[in-house]
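The values are calculated or read from the model by the stated rules, or taken from the named source; none is laboratory data. Please read these numbers as outputs of a predicted model, since none were measured by experiment. Cβ coordinates were reconstructed from backbone atoms using ideal geometry, including for glycine residues, and neighbour counts include every protein chain displayed.
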Amino acid sequence: MKLSKLTEKLSDAQVLNHADPSIVGFAIDSRKARPGCLFAALAGRHNDGTAYVPDAIQRGAVAILASRPVPVPSHIPLILAPNVRRALADLCCRYYGYPADLVKSTAVTGTNGKSTTVLLCRELLLAAGKQCGLISTVGNMVGATRLEATNTTPESPDLQQFFAELVEHHISHAVVEVSSHALDQERVRGIPFAVAAYTNVTRAEHLDYHGTFENYRDAKARLFEALAPEATAVLNADDPNCGYFRERRGRGLVLTYGVKTPADVTAEIEGQDLSGTSFRLSTPLGATRVHTPLVGSYNVENVLAAISCGLALGLELHKMAEAVRTFTGAPGRLQKIEEGQPFTCLVDYAHNEGGLRSVLGTLRPLAAPGRLIVAFGCGGDRDRMKRPLMGAAASELADVVVLTSDNSRSERTEDILAEILKGVSPKAECIVEPDRRKAIRRALELAQPGDVVAICGKGHERFQEVNGVSYPFDDCAEARRALRLLSRRARKVSHGPRPASEVG
């Protein structure tokens, strides 16, 4: 597409150097610039994209988008826009032909529970016979084709290309997990969501980026402000921020859900154990009994969020109830690791205080009369204030706490562990093992028949990031390996050495 056609509807922009090259794509990382692309010089937290303009041009960029004048050759057009991210989103929408207009899309935001909710939303749509694309932390999907996810929500060029692929494959629906970063950075601009839901919003999350809880919550609220009046906002009545989001929604359709609070869609929990949860579901379309393999009231909230989205999309209640019955959850979300051991081992993504409290608070009564053992750490170069809070939550709710590393990045693991320890009760049984592999083994070695071991923090992730390098690491695989080792040891002990009379 010619640059002149691409930019003709771009408001508040000025084009300098009036060459008119053909644009064949976009780049926001100069190292990924290719011949014919438009390079967007984004301002980051630590780097200014304008510093990489020469590199992008050397690699073949034929146009530059920036917020201020930068030196470029006379044959390279420079597009000046006060908000580069907004302009980039608009350009990407136009380049790909506004593909999101042709797909009925559902957005899910929140602090915890997003991935489980979007995956279940997709299952509900598939059960209704709909083709559905997926954007999520645990992976993206175009039809049955699975794609790797680098961010919870991709950047505008990748996101619009994703929607273009959905249109090309005649896929009618999409479910998108939307992060606060994506909302703040205008990545989902140009997507007319038919339904938008939020799971919950807790403090001490992403404050390294947003600065304050109010800024974080405000970023989430932008999703609802942007909804068309005919779209539906799905709000969690159990969350203390529900009123705030309802107010920010303004005029337009709202559907509420809750377990503890009166709402449009509610659940009365009738029974739960480590194999799942049963509840009575009440909706504006009627009531039914539902069983989910997912454990805990917070997961019932996630199920209600997904069902509420389904109701807003016109799905049938009985088909959704059947789909819930067979949905085993998102990878790395209270994922059971079974190797024949006489205790329960679970891997979960809980990486903030709210998530850890939800997981351990759910498992605490289900572990009785056995013990609850938790292994976790905190990420480096991220919200430092949550570290002692997570330590306090773990020592309050678990019988044994094993502290370890979790993507220490540029920080010393020992320094991170020291900050977590500030919140750990002096009376708690706490073990510090910086090596995550050894920590997982130690937690499992401590387990007795009937105990529950929760390995928290990384969930589905398959790497450990240290000093700028990502090393392969998978909590589920490590737990399986450790459990098999324990099993072999147990067999050796049970058989014992052969009697001397049998030797020779």
(message) Here is a check on your reading of the model: is ALA61 crowded, with 19+ Cβ neighbours inside 10 Å, at pLDDT 95 or above and not assigned by TED's automatic domain parsing to the domain that holds LEU166?
(response) yes
(request) Quick one: in segment 222-261, of everything that is among the charged types (D, E, K, R) and closer than 17 Å to SER308 by Cα, which residue is surrounded by the fewest Cβ atoms within 10 Å (Cβ to Cβ)? (result) GLU230
(message) So, in segment 353-383, exactly how many residues are modelled with pLDDT of 95 or more and either of a type in the set (Phe, Trp, Tyr) or in contact with a His (Cβ under 8 Å, 6 or more places away or on another chain) (or both)?
(response) 3
(request) Examine segment 69-87 for a residue that is among the polar types (S, T, N, Q) and part of a loop (DSSP other than H, G, I, E, B), and state whether such a residue exists. (result) yes
(message) Go through (1) in a helix (DSSP H, G or I); (2) in contact with a strand residue (DSSP E or B) (Cβ under 9 Å, 6 or more places away or on another chain); (3) over 22 Å from SER278 (Cβ atoms) for GLY354 and report which single condition fails.
(response) (2)
(request) Name the one entry in LEU10, LEU6 that is hydrophobic (A, V, I, L, M, F, W, C), in a helix (DSSP H, G or I) and crowded, with 17+ Cβ neighbours inside 10 Å. (result) LEU6
(message) Please pick out the residue among ASP12, ASP90, ASP55 that is in contact with a Gly (Cβ under 9 Å, 6 or more places away or on another chain) and among the acidic types (Asp, Glu).
(response) ASP90
(message) Give me the helices (runs of 4 or more DSSP H) completely within segment 88-190, filtered to those with at least 1 residues that are under 13 Å from the mean Cα position of the chain (by Cα), ordered by residue number.
(response) 114-127, 180-184
(request) Among the residues of segment 435-489, count how many are part of a loop (DSSP other than H, G, I, E, B) and closer than 16 Å to THR413 by Cβ. (result) 6
(request) Considering only segment 191-240, state which residues are of a type in the set (S, T, N, Q) and either in contact (Cβ under 8 Å) with a residue 12 or more places away in the chain or in a loop (DSSP other than H, G, I, E, B) (or both). (result) THR199, ASN200, THR202, THR212, THR232, ASN236
(request) Please list, ordered by first then second residue, the pairs with beta carbon atoms under 7 Å, 6 or more apart or interchain, first in segment 411-435 and assigned by TED's automatic domain parsing to the domain that holds ASP383, second basic (Lys, Arg). (result) ILE416/ARG387; GLU419/ARG384; GLU419/ARG387; ILE420/ARG387; ILE431/ARG442; GLU433/ARG442
(request) For segment 18-38, enumerate the residues that are small (Gly, Ala, Ser) and over 29 Å from the mean Cα position of the chain (by Cα). (result) ALA19, SER22, GLY36
(message) Just the residues that are surrounded by 23 or more Cβ atoms within 10 Å (Cβ to Cβ) and under 27 Å from ARG371 (Cβ atoms), please, taken from segment 303-331.
(response) ALA330
(message) Consider segment 131-183. How many of its residues are of a type in the set (D, E, K, R), at pLDDT 95 or above and farther than 19 Å from ILE28 by Cβ?
(response) 3
(request) Answer yes or no: is there a residue in segment 165-173 that is out of contact with any Asp or Glu (no Cβ under 6 Å at 6 or more places or on another chain) and closer than 24 Å to TYR257 by Cα. (result) yes
(request) Report yes if VAL188 is under 18 Å from GLY310 (Cα atoms), surrounded by 23 or more Cβ atoms within 10 Å (Cβ to Cβ) and modelled with pLDDT of 95 or more, otherwise no. (result) no
